[in-house]
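All remarks here apply to the structure that follows.
Just so you know, all these numbers are worked out from the coordinates, no wet-lab data involved. Bear in mind the structure is a predicted one, so any value in this text is a computation, not a measurement. Here the Cβ positions follow ideal geometry from the backbone for every residue, glycine too, while neighbour counts run over all protein chains shown.
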């Protein structure tokens, strides 16, 4: 099958880049290649990973979501507000965080499908609205005093960090869903050719609404995980998180024009960005150079990958 | 109901005009006519979502309320230099009697300061200097804060050992001076080694990730972490605790935010350096009033820093 070949080639190219970067880091530092550091990388990529999986769905429908970072902050603040010790069961703040994210995603979806406003504009609006709401609900201050039950979400289960388990679970479910469910295939159809999909009887609006809603829900999850990790709901958290997430998805071979892309690709993209961030810190590279190196590797990876896919 | 694009646009416009009229009505309520002889002070805060700045801003607003014949309007620049410039221009257009500016940045906020001086409005700078001076500066010498914190580290380690330093946003006066103060102590104790230093942009999540990476890279080679603010110290603390290494590492921050004080009380954070937010806030209001009345006012008022450890904590907890 043609698409399978392309995916294989694609994954191979990206794996090669990750392998080269990993090899370089193993040679340049004596700390990169260790179980402890891999756990470390896994923990650090889990938030960006959850966001990237969510936004993969939106990008597959040829949409975009720029509100991720702000919605992370809003969900984190909402979660922390209900997480004071002894007030509610631990499920309440989690549910509130997830619901907040999902609600933002659904509003995005409704405006895109019913309102006919371009996704770029809708989610740009949501980006500032959610940030504003986060500042309003928190009074502009970090929401502290979270219960131990909730912050335990950033701890370990059987020696594996819970954020990593969340990320792995989300990724596995998304992978399975996109491959085996009719709605999953519809998402590709809508992004590939919206008119053809509509003519073939695909409920285009519902499919898009689902994609934005799911992306919002996962953003809410990322907000809850972040709040647990830093033990506060920070209204100014998550600045520019959408850029890292979208970069990871695009590195992973998902087309910004929609219809093409895989969860495995997204995972590799997330891994590459995470390994770069971790490795440059281990090497003690100044943050000024880090920004430049990161940009070069991102563009280089996509360039190498597209070249391979063409040949 | 199926929403056509035209309907959607109409609805959007209707919504916007509604929002605008609500904003106008509430705006009018705020902009009540100025009473004769009343002093109007404009105050632009750097970022209300940062705990220290929020505390300072609250002190400014509360203290101004206790002064009769004084009206203070506060706006939040959200760490955005451009936004703050716009707010300053609005204050000038409103012909306020004095401006209290808590600048976003050392260099980038200088044009806003120059604009105020050109307009001839008395200016009080608080907690952050710019390249151009205002009529009065209320602050604390961040150089001292860096020195106090690193001196505490040096005492704890008996002048011997590896130290990691978490910088604030590079180029802010607090970051530059806190680093310079710390470097002076490094020069004094040749046994102290700066193992690694990097910016975490005053941010807890970034400081936590950076510390996790440092634990991988330098484990066993450092016995203290100095963070330029408490948010980052809390991030470093969380990373160390999670790795089970806190007992081997002395962690100190600056600012004495509420969470840091609680952490010191619980014996988790070793120390913080107290910057007197309330003192700075009150001082800036007093200076603004003096300047608005064209009375003499000191060019510079320095509110001192103090080291807070578990031993003297009680006097700082309200």
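The convex hull drawn around the Cα atoms of region B:142-274, when projected onto a plane and averaged over every direction, covers 6.7 nm². If you take the Cα centroid of region A:95-115 and the Cα centroid of region A:245-311, the two points sit 28 Å apart.
The overall shape of the protein assembly as shown, judged from the alpha-carbon gyration tensor, is oblate: a/c is not under 1.5, and a/b is no greater than b/c. Treating r as the C-beta distance of residue A:285 and residue B:243 and R0 as 25 Å, the FRET efficiency rounds to 0.70. With contacts taken as Cα pairs under 8 Å and at least 6 residues apart, chain B reaches a relative contact order of 17 percent. Exposure proxy shown here: for B:169, A:251, A:136, the number of other Cβ atoms within 10 Å sets the order, fewest to most, as A:136, B:169, A:251. A Förster radius of 56 Å combined with the Cβ-Cβ distance from residue B:131 to residue A:90 puts the calculated FRET efficiency at roughly 0.65.
Note on chain A: with a GNM built from Cα contacts shorter than 10 Å, the maximum mean-square fluctuation among A:200, A:171, A:228 falls on A:200.
Using alpha carbons only, how many degrees (0 to 90, rounded to 10) separate the axis of helix B:173-188 from the longest principal axis of chain B? The answer is roughly 20 degrees. Each peptide in B:253-259, A:55-61 gets a packing score, the mean of other Cβ atoms within 10 Å over its residues, and the list from highest to lowest is A:55-61, B:253-259. Contact order for chain A, expressed relative to its length and based on alpha carbon pairs under 8 Å spaced 6+ residues apart, stands at 34 percent. The angle between the Cα long axis of helix B:204-218 and the main principal axis of chain B comes to about 20°, on a 0 to 90 degree scale. Residues of region A:265-306 with the amide nitrogen closer than 18 Å to a label point 7 Å from the Cα of residue A:30, along Cα-to-Cβ, please. Backbone N within reach: A:282-284.
Starting from the Cα gyration tensor of region A:13-169, take the square roots of the eigenvalues, sort them a ≥ b ≥ c, and report rounded, prolate or oblate (rounded when a/c is under 1.5, otherwise prolate if a/b is larger than b/c, else oblate). Since a/c reaches 1.5 but b/c is at least a/b, the shape of region A:13-169 is classed as oblate. The label point for residue B:80 and the one for residue A:149, both projected 7 Å from the Cα toward the Cβ, are 3.9 nm apart. Once the C-beta distance of residue A:15 and residue B:221 is scaled by a Förster radius of 30 Å, the resulting FRET efficiency is 0.35 to the nearest 0.05. Mean sequence separation of contacting Cα pairs (under 8 Å, at least six apart), scaled by the length of region B:142-274, corresponds to a relative contact order of 26 percent. Among B:162, B:191, B:235, the residue with the largest mean-square fluctuation in a Gaussian network model of chain B, with springs joining Cα atoms closer than 10 Å, is B:191. Computed from Cα atoms, the angle from the helix B:51-65 axis to the main principal axis of chain B rounds to 40 degrees. With a 10 Å cut-off around each Cβ of A:127-139, the average count of Cβ atoms from other chains is 1. Per-residue shielding of A:228-235, expressed as the average number of other chain Cβ atoms within 10 Å of the residue Cβ, stands at 5. Counting beta carbons within 10 Å around each of B:58, B:266, B:51, B:300 and listing the fewest first gives the order B:266, B:300, B:58, B:51. A straight line joining the Cα centroids of region B:35-77 and region A:158-215 runs 49 Å.
Simple spin-label estimate for residue A:182 and residue A:128 gives 4.2 nm between the two label positions (7 Å along the Cα-to-Cβ direction from each Cα). With a ≥ b ≥ c taken as the square roots of the eigenvalues of the C-alpha gyration tensor of chain A, please select rounded if a/c is under 1.5 and otherwise prolate if a/b is larger than b/c or oblate if it is not? The shape class here is oblate.
Reducing region B:125-157 and region B:190-232 to their Cα centroids gives an inter-centroid distance of 20 Å.
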